[in-house]
């Protein structure tokens, strides 16, 4: 049986942690198409969490096309995640090159590694905000 | 609910049974010995002929042999024993539930607390009545030979040869259950219940009992032997065994309660203590019912 | 599970529920709903009125005003119908220490027509607790499990837990709550957990009630409540009046302030100013803010707030 874990200190909502763990396992090949995810009762009883949290997580996975519920049988992995990011190989190569150029520019401007990481975090936050 | 009441009082029931067994063993040993002595000296025949006046020597010998054992030590214990038994059983009944918080378990099951209490009280009261009746029967049986000399109207015999013994226990029990509810702690409740019980017990016995019915007065007495009253006199100064002589007033006559009033007095006094028990237990049930509201 | 409940009957409905002790109100003007199947957390400091509220739900205490109903039926103190609908595990899990485990179950059977002896037995087998052992010889965690078993075997549709794990070590805590969650998943049991330890509740609860000083500060579904709140980072000088929605809690630093506000999400987005930052609030932050919250007057034009906030402040309208 696939066992989940819960980290109370990350601040990430429990249901998202479950979704991430499934995605992660798919990427690493620990979960394969056709595998059955543990029942809501098993997860709730294993982690001592609200069963609705598990239901939410499984629904999210269904929404992302990664899993599907079969009535009376359980929830099964239906999708897969390739280790390669989406998009055409050419587009990905271009992104990679512009990223490396940007990093060199940042270094020339005198930014430390920490400053670069902070800048990326702020920029990502602003971009995500535009979506709210 | 019956099983629950039984299980919660099982230890107490076993203790009372043990007490009863010990009492019975003691009674059989002493009682057999008394009966042997009684028939050996043909005291029965003498009493039938002369109410004891003609065999003072044998009477003296008998009472000397069995008197102190039977009367003094027993009376001290038996005065407080019914009270102790009543408070030991009654005080923890509600108090322990409140003290240890188990009322939150007991009263949140599907049985309303008044039914819980009423069933418990009924069962435990029934048990105490059985105990009291058995103890009374045992004591009455073994004392029978001695009673033929002294009657059973005298203070320290009356207290345990009729319904009063059971009534004393029930009154102490009722006071203790109520005290347990009000004080919420078992041991303090025992004390708070016992002290008034004892006070009432003594007041009823020494102040009211002589006056349950108007005493009779005897002015002329021809007395040859045993010209006194109480345990040592066989017969009493009234000339009969079993009378309760209240006062020998020189010039005013002798006031006494005749022997045939014994049962009347027993039921009056038992009635007083049973009424006290009922009042205390009734108040307890009413208060428990009101506590939720 | 009783047959007279359908999914639309709330498990719990309180209407202006109150209880007075002498002259002091232990609980006042309590109005809330908990839907069937929810796992609700009742949070508040000691003395806030949690136990009073629980006892009125269970039937151990009669309300002074208002009423509370469980699955559509009004709770009356000391009535068998009320007592039958709720299973209760009191704080510190009281048990009769001289009883054996089997004796405790016998009591359960004798005092509850709905008792499920098979369930009790099965739990003991799974937990490895011998039936003949006396309660006083069990560990604290095992005693808590016995108390829980007594409650679960009663098979009532609502389970009320009063500070269930405060006296237990961490492993015992986990075991206890695992069983509660698994049972809830299995049977759709509605659970109400009273606690003053906020950090532990997030993983259990999908419904939240915050109680302070005898009044409900907030009550509702966790997801919905979190969606209706934002943590704003604003310049220190910004007055409360300019904040979108109702200001629940504010922390001021030298140059900036952090304010927790409650508002309709669309209105919030519309009234955000440049230079302000809006972040979602976490469960624990939300609860802590309401535990410290002093009710204010409502913004008259915000319908979400007028409907949302119970208590005396809702009656006052200024501006």
Legend entry - Members of region A:1-22 found to be away from chain C (no Cβ under 14 Å) and crowded, with 17+ Cβ neighbours inside 10 Å, listed by number: A:19, A:21, A:22
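Quick one: which of B:193, B:144 is over 30 Å from residue B:284 (Cα atoms) and in contact (Cβ under 8 Å) with a residue 24 or more places away in the chain? Show your work before the answer.
Values: B:193 fails: over 30 Å from residue B:284 (Cα atoms).
Of the residues listed, the single one that is over 30 Å from residue B:284 (Cα atoms) and in contact (Cβ under 8 Å) with a residue 24 or more places away in the chain is B:144.
Of all residues in region B:113-127, which are surrounded by fewer than 20 Cβ atoms within 10 Å (Cβ to Cβ) and touching a helix residue (DSSP H, G or I) at 6+ places or on another chain (Cβ under 7 Å)? Spell out the reasoning first.
Our first condition is that a residue be surrounded by fewer than 20 Cβ atoms within 10 Å (Cβ to Cβ); within region B:113-127, this holds for B:114-115, B:118-119, B:122-123, B:126-127.
If the condition is that a residue be surrounded by fewer than 20 Cβ atoms within 10 Å (Cβ to Cβ) and touching a helix residue (DSSP H, G or I) at 6+ places or on another chain (Cβ under 7 Å), then B:114, B:118, B:119, B:123, B:127 are the ones that fit.
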Legend entry - Failed item in (1) in contact (Cβ under 8 Å) with a residue 24 or more places away in the chain; (2) over 19 Å from the mean Cα position of the chain (by Cα); (3) part of a helix (DSSP H, G or I), with residue B:176 passing the rest: (2)
Inset, instruction - Restrict the check to region C:261-282 and report whether at least one residue is more than 14 Å from chain A (Cβ to nearest Cβ) and closer than 30 Å to residue C:163 by Cα. - result: yes
Legend entry - Residue that is farthest from the other protein chains (Cβ to nearest Cβ) [pool: residues in region B:10-53 that are within 30 Å of residue B:112 (Cβ to Cβ) and either in contact (Cβ under 8 Å) with a residue 60 or more places away in the chain or loosely packed, with under 12 Cβ neighbours inside 10 Å (or both)]: B:16
Inset, instruction - Name the one entry in C:20, C:28 that is part of a strand (DSSP E or B), within 14 Å of chain B (Cβ to nearest Cβ) and either in contact (Cβ under 8 Å) with a residue 24 or more places away in the chain or within 25 Å of residue C:116 (Cα to Cα) (or both). - result: C:20
Legend entry - Residues that are part of a helix (DSSP H, G or I) and crowded, with 16+ Cβ neighbours inside 10 Å, drawn from region B:240-266: B:259, B:261, B:262, B:265, B:266
Legend entry - Filter pass, residue C:243 being surrounded by 18 or more Cβ atoms within 10 Å (Cβ to Cβ), free of Cβ contacts under 8 Å to residues at least 24 places away in the same chain and over 17 Å from the mean Cα position of the chain (by Cα): yes
Legend entry - Sole residue being surrounded by fewer than 18 Cβ atoms within 10 Å (Cβ to Cβ) and within 14 Å of another protein chain (Cβ to nearest Cβ), chosen from A:56, A:41: A:41
Inset, instruction - Just one of (1) more than 9 Å from chain B (Cβ to nearest Cβ); (2) modelled with pLDDT of 95 or more trips up residue C:74, so point out which. - result: (2)
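Can you find even one residue in region B:94-105 that is away from every other protein chain (no Cβ under 12 Å) and closer than 30 Å to residue B:158 by Cα? Break it down stepwise before answering.
Residues of region B:94-105 that are away from every other protein chain (no Cβ under 12 Å), as a first pass: B:94-95.
Pick out the ones that are also closer than 30 Å to residue B:158 by Cα and you get none.
No, that holds for no residue.
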Inset, instruction - Go over the candidates C:110, C:81 one by one and state the one that is within 14 Å of chain B (Cβ to nearest Cβ), assigned to a helix (DSSP H, G or I) and touching a helix residue (DSSP H, G or I) at 6+ places or on another chain (Cβ under 7 Å). - result: C:110
Legend entry - Residues within region C:86-98 that are within 8 Å of another protein chain (Cβ to nearest Cβ), out of contact with any strand residue (DSSP E or B) (no Cβ under 7 Å at 6 or more places or on another chain) and crowded, with 20+ Cβ neighbours inside 10 Å, tallied: 2
Legend entry - Index of the failed condition, residue B:109 passing every other in (1) within 14 Å of chain C (Cβ to nearest Cβ); (2) surrounded by fewer than 22 Cβ atoms within 10 Å (Cβ to Cβ): (2)
Inset, instruction - Please give the number of the condition residue B:7 fails out of (1) surrounded by 14 or more Cβ atoms within 10 Å (Cβ to Cβ); (2) touching a residue at least 12 places away in the same chain (Cβ under 8 Å); (3) within 14 Å of another protein chain (Cβ to nearest Cβ). - result: (2)
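The values are calculated or read from the model by the stated rules, or taken from the named source; none is laboratory data. Since the model is a prediction, treat every value here as computed from it, not as a measurement. Methodologically, a virtual Cβ is constructed for each residue, glycine included, from the backbone with ideal geometry; neighbour enumeration extends over all protein chains shown.
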